[in-house]
1. Enter the mean projected area of the convex hull around the alpha-carbon atoms of the stretch 293-343, in nm², rounded to one decimal.
2. Please report the spacing between the Cα centers of the stretch 138-152 and the stretch 40-117 in Å, no decimals.
3. Could you list, bin by bin from short to long, the percent of Cα-Cα pairs of the chain in 20 Å steps?
4. How many Å³ per residue does the convex hull of the Cα positions in the stretch 226-355 occupy?
5. So if I average 1/r over every pair of distinct C-alpha atoms in the stretch 35-132 and take the inverse, what Kirkwood radius in Å does that give?
6. Given a 1.4 Å probe, how much area per residue of the stretch 168-271 is accessible, in Å²?
7. Using per-residue counts of other Cβ atoms within 10 Å, averaged over each peptide, order 109-115, 182-188 from highest down.
8. Go ahead and set up a Gaussian network model of the chain, Cα springs under 10 Å, then flag whichever of ALA203, ALA88, ALA156 fluctuates most.
Amino acid sequence: MTGTDDAIPHLHARRRLLFGMGALAGLAACGGGGTLPFAAAVSDRRIAVAPGVSLHVRDWRGAPGSEDDVIVLLSGLGGNAHAFDSLAPALARRHRVLAVTRRGDGSSSKPLPVDGASYAPAILVADLLAVLDALQVRRIILAGHSIAGNEVTLFAGRHPGRVRGVVYLDTTFDYSNPLPWRGEPEPDEDELNPPEPAPADMASMDASIAYAQRIHKQWWPALDAYWRDTLQVQADGSVRPATPAAVATAMATGAYAHVPDYRAVRAPALVIAAQPGSLRDVTPWLTAQSEPRLLAAARTFLRIYPQAHQADFARTVAALPGSTLLVLDNAAHADFFIEYETAVVHAIEAMRWEK
């Protein structure tokens, strides 16, 4: 990987490894926020979406009068509804909030793929529509983190009457065809991956949590809940990924093959981009005592990525005429909507969504 034209695909592949199931890392799921004047009650639901398939939905009922003002939150690759255990209650001061775990992840059903389309975005979008119909939710503001941008774009295009607005939470314009990078050569992506969990790290849930704390920038109670929901406890107390490898592969294959059509999106759009400013934002497991070559590679990535990311989210904004852009500096892709929760909530609430 020494050339420069293919750097962006590898940069986004690295994000997939860091914040998807590839390294069991997931996204940071809680923290941030201030004292809430209204404490929203949350209930956990299982919604049948297809024969033998049900989804886990976390449902925060907002303040009185917010029942018809619904925000739906979708997590990134390998994620689950607990990703939004901090953001959702903050939004629930004025909205009803539904966080949905897509099929294949967390506590949702995990049918084995039968073909290459089993976990394509079209299937996931059909699942989301079934959830809304089951809950008798007519229109929504739909927000998706990272690769869930695929589902946001496709759902808004196919079901415009069900969408009041869309929010892209640090997504990529087109995961199937990333913008080529022509700057300085990128570092070896293997040097930038978090350390793989050793057998001892999977010996128990507590051991896995300790491993997770070592490779994350921050740790909060809801991240603990998120992490637990990605794992399955075995009879001997050890843990393994709850998502079967075949399902994880099918999910990633479907996501990275999808070509989004932004022309079909007619609803108001908010694009939120997270730009890293320090090594803690991109490689939190590295320390001043880490190998010099690893620190050098991370610093190179930190120089390249913000430039590449800026060019990419500019494409998304250009593809959505009239959209609003919020750039959060010194932020990590994994947990920016927690660290900068207040700014994210204010940006969502300041939008003029369709009625």
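1. On the way: hull surface 17.4 nm².
For the stretch 293-343, the mean projected area of the Cα convex hull comes to 4.3 nm².
2. Cα centroid to Cα centroid, the span is 11 Å.
3. The distribution over the chain is 32, 61, 8, given as percents.
4. Working: hull volume 24.6 nm³, N = 130.
Taking the convex hull of the Cα positions in the stretch 226-355, it is 189 Å³ per residue.
5. Values: mean 1/r = 0.0719 Å⁻¹.
About 13.9 Å, per the Kirkwood formula over Cα pairs.
6. Details: 4710 Å² over 104 residues.
Per-residue value: 45 Å².
7. On the way: 109-115: 14.1, 182-188: 15.9.
Top of the packing list down: 182-188, 109-115.
8. Result for the chain, Cα springs under 10 Å: ALA203 fluctuates most.
The values are calculated or read from the model by the stated rules, or taken from the named source; none is laboratory data. Remember, it's a predicted structure, so these values are computed and weren't measured experimentally. Backbone-built Cβ (ideal geometry, glycine too); neighbour counts: all protein chains shown. These area figures cover heavy atoms from the full protein model, side chains too; ligands, DNA and RNA do not enter into them. Shrake-Rupley method; radii C 1.70, N 1.55, O 1.52, S 1.80 Å.
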